[in-house]
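The next block holds one structure in the form of structure tokens; read it before the comments.
Here, each number is a calculation from the coordinates, and none is a lab measurement. Owing to the predicted nature of the structure, the values given are computational and were not obtained by experimental measurement. Cβ coordinates were reconstructed from backbone atoms using ideal geometry, including for glycine residues, and neighbour counts include every protein chain displayed.
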Amino acid sequence: MLADLQKQIDAGKSDEAVMAYFVDKYGETVLAAPPVSGFNLAAWMMPFFALAIGAIAAVYCVRRFRSRWATNPAPDATLAQYQDKVEEELKKFTPED
């Protein structure tokens, strides 16, 4: 490819003509970035669509879990009974100074 490039430059061709020569010979894969047309347009647009879908999914999940966390039920009487029982048991086994 370097030899081909040197031949094109020695022939005095412009940058656009050299690029067109390489695209004709090797295809669009020799370009550093695909042209923004046709199917290549998907290569340019898909990262933005994926980012947008990911952001929407993240917002949905955060809102869904936030609503669950906000509606935690108040501790009922049975929890208080268990806490009292645990405290009584701890008093039995805790040495007092």
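Each residue of region 78-90 was assigned a 3J(HN,Hα) from its phi angle through the Karplus expression (A = 6.51, B = -1.76, C = 1.60, θ = phi - 60°), giving 5, 5, 5, 4, 5, 5, 4, 5, 4, 4, 5, 5, 5 Hz with x at Gly and Pro. Straight-distance candidates among the lysines for linking to Lys7, with alpha-carbon spacing under 30 Å and chain neighbours fewer than 8 residues away dropped: Lys25. About the centre of its Cα atoms, the chain shows a dipole size close to 380 debye [charges on the beta carbon of Lys, Arg (+1) and Asp, Glu (-1) only; nearest 20 debye]. On full extension, the segment bounded by Lys7 and Thr78 gains 16.7 nm, given 0.36 nm per residue less the C-alpha separation. What the phi angles of region 25-37 give under the Karplus curve with 6.51, -1.76 and 1.60, with θ = phi - 60°, is a coupling list of 7, 10, x, 6, 5, 6, 6, 5, 9, x, x, 8, 6 Hz, glycine and proline written as x. Between Glu16, Glu87, Glu28, the GNM of the chain built on Cα springs shorter than 10 angstrom shows Glu87 fluctuating the most.
Note on Phe65 and Phe39: the model spin-label points, each 7 Å out from Cα along the C-beta direction, lie 3.9 nm apart.
Taking Rg/Rh (Cα atoms, Kirkwood Rh) as calculated from this structure, the corresponding entry among [x] 1.65; [y] 1.14; [z] 0.95 is [x].
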